[in-house]
Amino acid sequence: MDDICAILPHRPPFLFVDRVLKLVPFKSIVAERELRPEEPHFAGHFPQRAIMPGVLITDALAQVSGLLIGLSSKATDTEVGGDIFFLGAATMKYPAPSVPGDTLRLTARAEGTSGALWRFVVEATVGRKLVAQGTLTLAMLESDT
């Protein structure tokens with residue numbers, strides 16, 4: 001968790017990555033997120049049948065994509081420079097819901113870069129059930145410091 005927090009600026013309740021399971025530097029990453037029943041979004045997102053909002057699953061996948069860049073940089077001692085921001089999502093689909101008690105498996109695969117832009121193919125699963133998939137773009141912006 002210390003390595004995750006050293007890279008991501010997010011903190012609870014908007015930190016959606018609990019642990020990294022696998023990293024292939026600058027290629028792919030697999031991480032997990034436990035969906036805890038007490039999380040604030042579950043109280044209001046269909047209280048009678050709590051469901052993890054798709055936009056938050058997408059944010060979790062964006063965080064994992066950012067971790068792929070940051071942890072790869074750290075693991076290979078390669079300077080990528082700048083702050084990483086979520087720029088856009090394309091073709092995101094949510095074929096099945098995820099609910100409190102589920103463990104999201106979050107996967108991001110780097111598809112390429114173009115200048116400061118990084119493109120990822122992402123998916124979230126619970127067991128064998130696909131709950132989200134699509135492509136995300138992150139941007140590397142120069143730090144203000």
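All conditions but one from (1) surrounded by fewer than 18 Cβ atoms within 10 Å (Cβ to Cβ); (2) in contact (Cβ under 8 Å) with a residue 40 or more places away in the chain; (3) assigned to a strand (DSSP E or B) apply to Lys22; the one that does not is (2).
Note on region 29-83: residues that are under 16 Å from Thr137 (Cα atoms), modelled with pLDDT of 95 or more and outside any helix (DSSP H, G or I) total 1.
Give the residue, chosen from Pro95, Pro100, that is free of Cβ contacts under 8 Å to residues at least 40 places away in the same chain and of a type outside the set (Asp, Glu).
Matching residue, one of Pro95, Pro100: Pro95.
The values are calculated or read from the model by the stated rules, or taken from the named source; none is laboratory data. The structure displayed is predicted, hence computed values, not measured ones. Because the Cβ atoms are built from the backbone with ideal geometry, glycine has one as well, and the counts that use them run over all protein chains shown.
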